[in-house]
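Working notes, structure below.
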Amino acid sequence: MFKRLRNKILLINMLLISIVIVVAFVAIYLIMSNQIHSENMRKLETIVSGEPFLFVGSETTYEETNDEALAVEIVDERLSADFLMSFSIKVDQDGNIQKIDSLIDMPENLYDQAAKTVWKNKEKDGRIELNNKIWQYSIMPDTETGLITNNGKATIFSSQDGTNRISFLDITDSMDTLRNLAYTFTFVGLALLAVLFFISLVFAKHSIQPVLEAWEKQKQFVANASHELKTPISIINANYDVLMANQDKTIGSQLKWLQYMQIGTERMKTLINQLLTLAKLEDTNIELPKEEVNISNMIEENLVTLQAYIEEKELDCKTEIEPNVLINSHSESLQRIIMILLENAVQHVDHTGKIVVSLEQFKKHIKLSITNSGQGIPKSELPYVFERFYQVNPSRQHTNGNYGLGLSIAKLLLDKLNGKITVQSIMGQYTTFTIKLDY
C-alpha cells in the first residue's frame, strides 16, 4: 500500500516537473527560432529591395564621365558581410533565367536548379536545399534601378518590366544553431529529469514517512488497546463462570465474585474513557475556550484531593508555589493536566519518599515543576514516556487504573493550550515533569 502511494507521488511529481521542463524548453526554442527567422527575413527583404548594393549618402556627388566606375565602387563599399552568402536571380514570367547577381563561386547549373525548384513551388517565400546548404528565398517583382545625373548630381530612379527577382540567403548556420539548441535541450532535459527523478524519489519517501509512522502507531494503538481490554474482560468472564457454576448459592455468598466483576468493569470503563479522550483531543478542529484561572489555588486543591494517598505512603510533600498566579487558559484542561502529573508522581514515588511541587511566574510564562524521588526513568526511554500505553515499569501496569495513557493525554491537552511539557530523570534519584504555559 505504501509502496503504491510512494510510486503515485513520484509519478505525479515527475509528470508535473516534465511538463514544466518541456514547456520551458519549447518556449525558449520557439522564441529563439522566431528571432532567428525574423532576422533572416529582414536580411532577405534587404536583399530583395537591393539596399546592399545602393549608396545612400547625402553628401556624395557623381561625375558624369565616370558613372560606371563609380557604380562599381558603390557596390564594394555598401556590401555587408551579412550578405556575402546570398545571391539573386532575375527570371521572366515563365521562370527562365535572365540575369544572375551573385558573389558566390557556384556552378551555373546550381543557379538554374535553384530557379526551377523555386518557380515550381509556386510559393512567394520558403526554404530549399541546394549544394548541401539550406537557403531562404523570396520572390518579388523586379525593379530596374538606375542613376540620372544633372549638373553633377545623381538621382536614383526605378521601374518594373514584368520580370521577377528571386533572392536567396544562406541560413545553414541558423538552422545548425537551432538544431544544436534542440539537441542541447534534449540532452539537458533528459539529464535534468534523471537528477530530478532521484530527488523526487527521496522526496516521495520522506513524504510518506509521516503516513507510515501514523499507520504504525495506529496498528500499535489497536494492538495495545486490544491487549488492555482483554484483562478486564477476562476478569468479568472468569467471575461470571464461577457464578454460573454456583447458581444454587445466595448472592451474599457470591458477593466477592460480583465485586471482582465490578473491578473489571471499572477498569474497562476507565480505559474506554481515556481512549475516547485521546480520540477527541486529536481532532484539530476542537477549540478550547479560555478564561482567567488562578493556577496557584488549582494546584493546592488538587494536592488536597491526594492527601490521603500522600499520608498512606508517608510522603514528604513540599510545595514552592507562588500565590495568586493568574493565567488565561482552559480551566478543565488545566485541572486535568495538573491532576495527571500529581497522580503520576504519587504513584511512582518510593514509600516515605519525597515530592516537590513548584510554581514560578515569569514575565511571559509560568513554569510548573513536579518532582518525585524514586527509581527514575532510563535516559534511553525518556523520549517515549508520552507515547500511549508506555510503561516504564511494566510490573506496575494496571495499578490504580494506570494504563500508560495519562501522560499522552496531558501532552495532547498542553498542545491544545500551546504549552510545552518536558521530563528529566536520574536513575535511582528523581524524575521531574515541567510544563510551561504563556499567559
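Quick note: the coordinates plus some simple rules give every number you see, no bench work behind them. This is a predicted model, so every value here is computed, not measured. Cβ: placed from backbone, ideal geometry, glycine included. Neighbour counts: every protein chain shown.
Taking 7 Å steps out from each Cα toward its Cβ at L243 and L11 produces label points 5.7 nm apart. Spin-label model, K133 to T184: label points 7 Å out along the Cα-to-beta-carbon direction sit 2.4 nm apart.
The calculated FRET efficiency for D438 paired with M41, based on their beta-carbon distance and R0 = 60 Å, is about 0.30. With the simple model of a label 7 Å out from the Cα in the direction of the Cβ, I426 to S234 spans 4.0 nm. Per-residue packing, averaged as other Cβ atoms within 10 Å, sorts the ranges 425-435, 22-32 into the order 425-435, 22-32, beginning with the highest. Shown in residue order for segment 271-281 are the 3J(HN,Hα) couplings computed by the Karplus curve 6.51 cos²θ - 1.76 cosθ + 1.60 at θ = phi - 60°: 4, 4, 5, 5, 5, 5, 4, 4, 4, 5, 5 Hz (x for Gly and Pro).
When the GluC sites (Glu not before Pro) in segment 312-346 are filtered for DSSP coil states and for at most 14 other beta-carbon atoms within 10 Å of their beta-carbon, the remaining sites are E314. Considering only N344, L275, L303, the residue lying farthest towards the positive end of the dipole of segment 229-345 is L275, judged by Cα position with unit charges set on Cβ. Straightening the chain between I199 and N328 buys 41.8 nm, computed as 0.36 nm per residue apart minus the Cα-Cα spacing.
Amide H contacts of S138 (H built 1.01 Å from N, in plane; Pro and chain starts excluded): S167 sit under 5 Å, all sequence-distant by 5 or more or on other chains.
Listed by chain and number, the lysines placed with their C-alpha closer than 24 angstrom to that of K116 are K43, K90, K99, K124, K133; residues fewer than eight positions away on the same chain are left out. Taking Lys and Arg as +1 and Asp and Glu as -1, the other residues whose beta-carbon sits under 10 Å from that of T352 total -1.
Computed from the Cβ-Cβ distance with R0 of 45 Å, the FRET efficiency linking S102 to A24 stands at 0.60.
Among the GluC sites (Glu not before Pro) found in segment 233-304, those both in a DSSP coil and sparsely packed, with 16 or fewer other Cβ atoms within 10 Å of their Cβ, are E282, E287.
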